[in-house]
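See below for the structure under consideration.
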Amino acid sequence: DAGITQSPRYKITETGRQVTLMCHQTWSHSYMFWYRQDLGHGLRLIYYSAAADITDKGEVPDGYVVSRSKTENFPLTLESATRSQTSVYFCASRDPGQGYTEAFFGQGTRLTVV
Amino acid sequence: DAKTTQPPSMDCAEGRAANLPCNHSTISGNEYVYWYRQIHSQGPQYIIHGLKNNETNEMASLIITEDRKSSTLILPHATLRDTAVYYCIVRASNTGNQFYFGTGTSLTVIP
């Protein structure tokens with residue numbers, strides 16, 4: 001199916017564990033993003049990527065690692081999960097195009113760190 | 001990116017127009033105004049964007065003041081499915097590709 005998909009949709013992990021959230025898009029969009037959403041903070045940008053092998057930090061990158069070996073995939077890894085990383089995570093992608101093009105978001109991954 | 005200010009919440013009667021304001025008094029000449037919305041538990045969805053002129057599409061209208069320091073998103077006939085958080089974002093089209101969302105306006109459409 002065409003679109004952007006995140007997996008898993010729900011995840012419970014223990015403090016200190018490594019966990020990877022997956023994001024896959026079928027449009028070959030150059031740009032991909034990871035956001036986290038917490039009550040009172042809205043959506044905050046964690047990392048973004050302009051193309052394969054090009055990534056950059058957003059507003060709240062600490063504690064997260066990303067990679068982009070293939071255009072269609074943009075995994076987000078929490079190397080040692082903490083309770084403060086309990087959140088809903090959204091992945092997005094967009095095509096650079098000419099001028100503005102809209103960003104498409106996945107359905108989100110709800111992560112709970114216990 | 002210019003900072004935006006939106007009311008935290010609003011109500012609107014079903015079938016009436018919903019007018020969602022956004023202040024962006026520090027907007028620069030090359031910065032656009034974008035609107036996204038997020039229905040509960042879903043990813044944000046693009047609505048509309050504009051630079052200077054008013055814009056309309058099948059979802060909404062965007063009215064930008066002449067001095068561009070504020071704008072209003074108008075949902076002409078609000079339905080219960082329009083209940084969502086609405087985000088106003090201001091940025092230049094050439095400033096990289098990240099979008100910074102604020103906390104938005106939570107719109108509740110009342111039957």
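The values are calculated or read from the model by the stated rules, or taken from the named source; none is laboratory data. Bear in mind that the values here come from a model prediction, so they are computed numbers and not experimental data. Every residue, glycine as well, gets a Cβ built from its backbone with ideal geometry; the counts of neighbours run over all protein chains shown. SASA here: full protein model, heavy atoms, side chains in, ligands and nucleic acids out. Shrake-Rupley method; radii C 1.70, N 1.55, O 1.52, S 1.80 Å.
Taken over the stretch B:4-57, residues that are in a loop (DSSP other than H, G, I, E, B), without any contact (Cβ under 8 Å) to a residue 24 or more places away in the chain and either within 19 Å of A:L43 (Cβ to Cβ) or among the aromatic types (F, W, Y) (or both) amount to 3.
Looking at (1) open to solvent by less than 80 Å² (accessible area, probe 1.4 Å); (2) free of Cβ contacts under 8 Å to residues at least 60 places away in the same chain; (3) under 26 Å from A:H41 (Cβ atoms), can you tell me which one B:S61 breaks? The single condition B:S61 does not satisfy is (3).
Filtered by the rule that a residue be assigned to a strand (DSSP E or B) and among the polar types (S, T, N, Q), the stretch A:17-73 gives A:T20, A:Q25, A:Q37, A:S49, A:T55, A:N73. If the condition is being within 14 Å of chain B (Cβ to nearest Cβ), open to solvent by less than 20 Å² (accessible area, probe 1.4 Å) and within 11 Å of A:C23 (Cα to Cα), then the stretch A:55-114 contributes A:R68, A:F74, A:Y89, A:F90, A:C91, A:A92, A:S93, A:G106, A:G108, A:T109.
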